[in-house]
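Structure first, commentary second.
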Amino acid sequence: MVLCGGDSPEREVSLVSGDAVARALSKRHRVFKLDPAQTNFLKKIEKIKPDCVFIALHGGKGENGTIQGFLEILNIPYTGSGVRTSAICMNKIITKKILMFHEIPTPDFVVVERNNIPDLFFGYPCVVKPANLGSTIGISIVKNVSEMKRAVRKTFKLDSDVFVENFVKGKEITIGLIGNQNPQVLPPIEIRTERKLYDYTAKYTKGASAHIIPPEIDKSLLDKASDYAFKTYKILGCSGCARMEIIVQDNGEMFILDVNTIPGFTPVSLLPDAAAHAGISFDELCEKLIALGLERCAKN
Ligand SMILES: Nc1ncnc2c1ncn2[C@@H]1O[C@H](COP(=O)(O)OP(=O)(O)O)[C@@H](O)[C@H]1O
Ligand SMILES: [Mg+2]
């Protein structure tokens with residue numbers, strides 16, 4: 001069963017991911033597509049009792065461990081990371097604290113209390129972010145304190161956890177990984193866009209961003225980034241797959257920005273593109289994720 005849609009702001013992307021995944025899996029399996037935002041969701045999933053669920057949901061309950069926990073209760077195997085990892089990775093503040101503990105570089109940040117403008121120990125520009133959203137929703141680059149105040153107020157309307165992060169200037173790369181205990185690190189991709197941020201439009205509009213493979217970055221730096229991506233995967237306990245986003249500065253310093261446990265699965269998405277460059281077709285990628293999901297559930 002392919003779950004797609006849902007009630008998060010990333011619903012539309014999830015529907016596209018779900019279509020692509022269902023098409024790929026239906027070559028070998030009997031596939032049902034189901035939208036958790038439909039009222040008969042519970043009844044349908046219990047009636048069909050799928051052998052495995054491919055979770056093609058992005059953001060919200062589909063990515064934050066809620067759907068994962070629900071499937072655990074029903075004893076139905078599912079793709080991707082388990083409950084705890086999903087919950088941790090959905091919250092950027094918690095993820096960053098864990099990375100810092102393990103000395104994996106991530107941009108400096110300050111957690112913002114509601115109605116309380118924080119003192120920053122880094123300068124402007126900086127980035128105001130919601131902790132629990134994706135797709136660049138609610139993210140603003142601010143250049144001074146008054147812009148920050150406005151952005152903080154706006155961001156609290158979208159999320160109850162908000163933080164301010166040091167702005168890092170550099171090249172943005174993404175590294176996908178596939179596997180459980182010993183994941184395969186896929187070829188890095190540099191993301192280029194003419195826009196200020198790799199935002200919703202850049203991510204989902206044809207031609208608004210380019211995937212550069214291999215990135216125009218020293219091989220030794222890409223190896224270092226791949227090493228950080230691998231360590232991050234292990235530390236956070238990811239399984240199935242994940243896609244890390246990293247900013248690499250001109251001086252060679254790099255910072256992990258974002259960990260996505262359910263990256264896009266549209267045929268033009270980054271993880272499928274990286275897999276293709278490693279010789280793994282979209283169909284094979286979907287099959288692998290099912291096998292890895294069954295393996296994780298069997299171990300549990
Ligand atoms: N600290 C930062 N410095 C520079 N650019 C940033 C920073 N944080 C975010 N961005 C830009 O905003 C985009 C989205 O931020 P990200 O943390 O990945 O959130 P999301 O979960 O919404 O993808 C990034 O891909 C990057 O282009
Ligand atoms: Mg991101």
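The values are calculated or read from the model by the stated rules, or taken from the named source; none is laboratory data. Predicted model only: the values in this text are computed from it and were never measured. Cβ atoms come from the backbone with ideal geometry, glycine included; neighbour counts cover every protein chain shown. Side chains included, ligands, DNA and RNA excluded: accessible areas come from the protein's heavy atoms. Shrake-Rupley method; radii C 1.70, N 1.55, O 1.52, S 1.80 Å.
Beta carbons closer than 7 Å, at least 6 apart along the sequence or on distinct chains, pair a first residue in segment 146-169 that is within 12 Å of Cys126 (Cβ to Cβ) and in a helix (DSSP H, G or I) with a second that is open to solvent by less than 70 Å² (accessible area, probe 1.4 Å) and among the hydroxyl-bearing types (Ser, Thr, Tyr) for Ala151/Ser140. Residues that are modelled with pLDDT of 95 or more, at least 2 per element: which strands (runs of 3 or more DSSP E) completely within segment 187-300 meet that? Correct list: 189-193, 240-248, 254-260. If you filter segment 117-134 down to residues that are assigned to a loop (DSSP other than H, G, I, E, B) and surrounded by 18 or more Cβ atoms within 10 Å (Cβ to Cβ), you find that the one that is nearest to ligand 2 (Cβ to nearest atom) is Gly134. Just one of the listed residues (Ile213, Ile139) is open to solvent by 40 Å² or more (accessible area, probe 1.4 Å) and away from ligand 2 (no atom under 16 Å from the Cβ), namely Ile213. Just one residue in the set Thr205, Thr193, Thr232 is in the same structural domain as Gly293 (by TED's automatic domain parsing) and within 12 Å of ligand 1 (Cβ to nearest atom); that residue is Thr193.
For (1) within 18 Å of Ile262 (Cβ to Cβ); (2) open to solvent by 10 Å² or more (accessible area, probe 1.4 Å); (3) not hydrophobic (A, V, I, L, M, F, W, C), each residue gets a yes or a no:
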| position | (1), (2), (3) |
| --- | --- |
| Cys4 | yes, no, no |
| Glu10 | yes, yes, yes |
| Val16 | yes, yes, no |
| Asp19 | yes, yes, yes |
| Arg30 | no, yes, yes |
| Ala37 | yes, yes, no |
| Glu46 | no, yes, yes |
| Ile55 | yes, no, no |
